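So the structure is just underneath, and the comments pick up after that.
The values are calculated or read from the model by the stated rules, or taken from the named source; none is laboratory data. Keep in mind it's a predicted model, so treat the numbers as computed, not measured. Virtual Cβ from ideal backbone geometry, glycine too; neighbours counted across all protein chains shown. These accessible areas exclude ligands, DNA and RNA; they are computed on the full protein's heavy atoms, side chains included. Shrake-Rupley method; radii C 1.70, N 1.55, O 1.52, S 1.80 Å.
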Amino acid sequence: MISRSSAKAQATRARILEAARRELGRDPDSGLGDIAEAAGVARRTIYGHFAGRAALVHGLAADAGEAVRRASAAARAPTPDAVTALAHFVLTLWPVGDRCRMLITLAHRDLDPDAVDALLGPARDTVARILAQGQYQGVFHTAVPPVPLTRAVEALVLSLLDSVNSGRWTDDGTAATTAALIAAGVGPDLAATTVHRLRPSH
């Protein structure tokens with residue numbers, strides 16, 4: 001059972017991380033003072049949870065990584081149709097990426113490659129497995145092996161998230177998922193039909 005003090009500390013940490021997501025999304029150069037003000041806590045309170053700005057960014061990455069791991073674990077159940085499996089996974093992961101898209105900008109300056117690999121690794125493994133399955137089924141193109149094709153699809157989705165981050169584009173994941181399927185080699189009509197089937201309200 002979690003003690004009252006521990007529950008309060010966890011709630012404060014979550015509030016700091018949420019404020020950091022908002023402030024760093026608004027301005028990647030936001031400092032701890034800006035984040036503390038947005039979270040409604042004293043700056044020293046942040047230091048009680050994070051050693052500094054770098055540790056706070058790594059905390060955001062760890063939080064995002066846990067969400068990616070949960071989504072990837074949910075996708076481990078075998079799905080006979082690889083096109084549906086890829087579409088479902090991207091649609092499931094898009095809200096996670098959308099919530100944490102400020103990390104795309106911060107990754108280049110505040111996260112080392114190992115931290116990025118830890119964050120994205122579970123998703124990469126899942127997509128590579130789905131792509132290998134689809135190539136075997138003949139529904140994805142085979143000009144590029146699954147692992148590099150995974151990185152290509154990843155780059156596309158991250159680029160689209162970054163476009164949302166910069167205000168150049170808006171999406172709820174529907175268009176991004178359709179684009180990811182097409183990048184994997186699915187025909188545009190089948191891609192759109194598959195996504196519409198999974199998101200019938202759109």
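Quick look at the numbers
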| quantity | calculated |
| --- | --- |
| Qualifying residue in the stretch 28-41 (condition: surrounded by 13 or more Cβ atoms within 10 Å (Cβ to Cβ), over 23 Å from the mean Cα position of the chain (by Cα), β-branched (Val, Ile, Thr) and in a helix (DSSP H, G or I)) | no |
| One residue from Leu156, Leu131, Leu93 being of a type in the set (A, V, I, L, M) and either surrounded by fewer than 16 Cβ atoms within 10 Å (Cβ to Cβ) or under 22 Å from Ala20 (Cα atoms) (or both) | Leu93 |
| Of all residues making up the stretch 1-21, the number that are modelled with pLDDT under 90 and either of a type in the set (Phe, Trp, Tyr) or open to solvent by 70 Å² or more (accessible area, probe 1.4 Å) (or both) | 6 |
| Scan of the stretch 42-70 for residues that are more than 23 Å from Asp125 (Cβ to Cβ) and either in contact (Cβ under 8 Å) with a residue 40 or more places away in the chain or outside any helix (DSSP H, G or I) (or both), ordered by number | Ala42, His49, Phe50, Ala51, Gly52, Arg53, Ala54, Leu56, Val57, Gly59 |
| Filter pass, Ala73 being assigned to a loop (DSSP other than H, G, I, E, B), aliphatic (A, V, I, L, M), open to solvent by 20 Å² or more (accessible area, probe 1.4 Å) and within 23 Å of Thr178 (Cα to Cα) | no |
| Qualifying positions in the stretch 66-96 - modelled with pLDDT under 90 and among the small types (Gly, Ala, Ser) | Ala67, Ala71, Ser72, Ala73, Ala74, Ala75, Ala77 |
| Selection status of Pro148, without any contact (Cβ under 8 Å) to a residue 60 or more places away in the chain, within 16 Å of Val96 (Cβ to Cβ) and either in a helix (DSSP H, G or I) or among the acidic types (Asp, Glu) (or both) | no |
| Residue ID - modelled with the lowest pLDDT, chosen from residues in the stretch 166-192 that are hydroxyl-bearing (Ser, Thr, Tyr) and surrounded by fewer than 15 Cβ atoms within 10 Å (Cβ to Cβ) | Ser166 |
| In the stretch 179-202, the residues that are of a type outside the set (A, V, I, L, M, F, W, C) and farther than 18 Å from Gln135 by Cα | Asp189, Thr193, His196, Arg197, Arg199, Pro200, Ser201, His202 |
| Criterion: at pLDDT below 90, surrounded by 16 or more Cβ atoms within 10 Å (Cβ to Cβ) and either charged (D, E, K, R) or assigned to a helix (DSSP H, G or I) (or both) - qualifying residue of Ala123, Ala115 | Ala115 |
| Subset of the stretch 158-202 (residues that are closer than 17 Å to Arg101 by Cα and assigned to a helix (DSSP H, G or I)) | Leu158, Ser159, Leu160, Leu161, Asp162, Ser163, Val164, Asn165, Thr174, Ala175, Ala176, Thr177 |
